[in-house]
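Notes follow the structure.
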Amino acid sequence: MPKTLNRCDALARIDQDIAEGERHVAEQIALIKWMKEECLDTTLAQNLLCNLEQILGHWPVYRQLILDPNPQDQPQDFQIH
């Protein structure tokens with residue numbers, strides 16, 4: 001059964017997810033820097049960083065979808081699965 005969040009709760013959750021995603025990106029960058037200093041292969045770590053950055057890049061779009069009015073939604077409600 002899907003959970004129902006009001007728009008403010010949905011925005012707070014996506015903002016938290018964006019902040020966490022930014023933290024993961026920063027940690028991955030630091031890890032890659034350390035790996036380079038240790039002369040380790042960073043290929044997989046850089047691929048992961050690329051994937052994290054791509055995912056993070058989509059979240060502001062998702063956030064905007066939450067903000068945009070949708071005539072099918074009940075007022076102030078947003079449904080997540």
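Rule-based calculations on the coordinates, nothing more; no lab input. Source: prediction; values computed, not measured. So basically every Cβ, Gly included, is an ideal-geometry build from the backbone, and we count neighbours across all protein chains shown.
Between CYS39 and ASP68, the modelled labels are 5.2 nm apart [label points 7 Å from Cα along Cα→Cβ].
Relative contact order of the range 1-72, taken over Cα pairs closer than 8 Å and 6 or more residues apart, is 45 percent.
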